[in-house]
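Student: Sharing a structure, written as structure tokens. Questions coming.
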Amino acid sequence: MMFLGSKHCPHCGTAAAEATVADLSVLKCPRCKTDMASISLGAERLRECETCGGLWLDVAAFERICASREEQSAVLGGAAPAPGHSTGGENKIRYVPCPECNQLMNRINFARCSGVIVDVCKGHGTWFDRDELSAIIQFIREGGLEKSRQKEKHELEFEREQLRAEQHAAAMRELNRYSAEDERIGGISGASGLLKFLIE
């Protein structure tokens, strides 16, 4: 977070970028229900709630920010007003509607391990409460996405090994079942041979 008037980020040294007005349709903030301002930050156009400090990014804009260090620098370099006093109700989990389709959005932990819970509408975009987008960018810059990919790769390898072990165990059970059946059939044919011998 940067304070208004700062020329560089105190954390990473990124030059401050100024948000400018963008020409986007007016949408309501999913938290405050007030009109969001359309702004441009770097090359990205997004919507910001001036009341709660939340941000709405469409799917493509968020993907570009995640992929481009320049876009990340623009977001991190955006000066923001000092945070206001919290009312204490922010810790309560509340599902919010998508500003575009009004369907309740899914709450997900970004990259399954970032610790940043965001509200996502798969078809339209992502809602970031105050400072969540900055936290995600910091997570990405610290190698979080690569760590997440490695973790997911290890989980898939573990699941693959578990599946192989289960398949092997099932094959062994099937083999043992056929062996037992062969012994039973062999016992029955042996008994029938003995019976023929005794009768003759």
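Student: Any lysines with Cα under 26 Å of the Lys147 Cα? List them, leaving off those in the same chain fewer than 8 positions away.
Tutor: Filter leaves Lys122.
Student: So what J values fall out for region 143-158 if you push phi through Karplus, 6.51 cos²θ - 1.76 cosθ + 1.60 with θ = phi - 60°, rounded to Hz, Gly and Pro as x?
Tutor: 3J(HN,Hα) across region 143-158, in whole Hz: x, x, 5, 5, 4, 5, 5, 4, 4, 5, 5, 5, 5, 5, 5, 4.
Student: Take the Cβ-Cβ distance between Glu70 and Ile185 as r, set R0 to 45 Å, and report the resulting FRET efficiency rounded to the nearest 0.05.
Tutor: 0.05
Student: Another question, if that's okay. Quick query: amide H of Leu104 versus all other amide H atoms, modeled in the peptide plane; which residues come in under 5 Å with a sequence gap of 5 or more or a different chain?
Tutor: It is Cys98, by chain and number.
Student: Spelling out what I want: for every residue of region 51-64, take phi, set θ = phi - 60°, compute 6.51 cos²θ - 1.76 cosθ + 1.60 (Karplus), and round to whole Hz; glycine and proline get x.
Tutor: Computed from phi, the couplings for region 51-64 are 7, 9, x, x, 10, 10, 10, 6, 4, 5, 5, 5, 4, 5 Hz.
Read the figures in this text as sums done on the coordinates, not as results from a lab. Just so we're clear, the structure is a prediction, and the values are computed from it rather than from any experiment. Cβ: placed from backbone, ideal geometry, glycine included. Neighbour counts: every protein chain shown.
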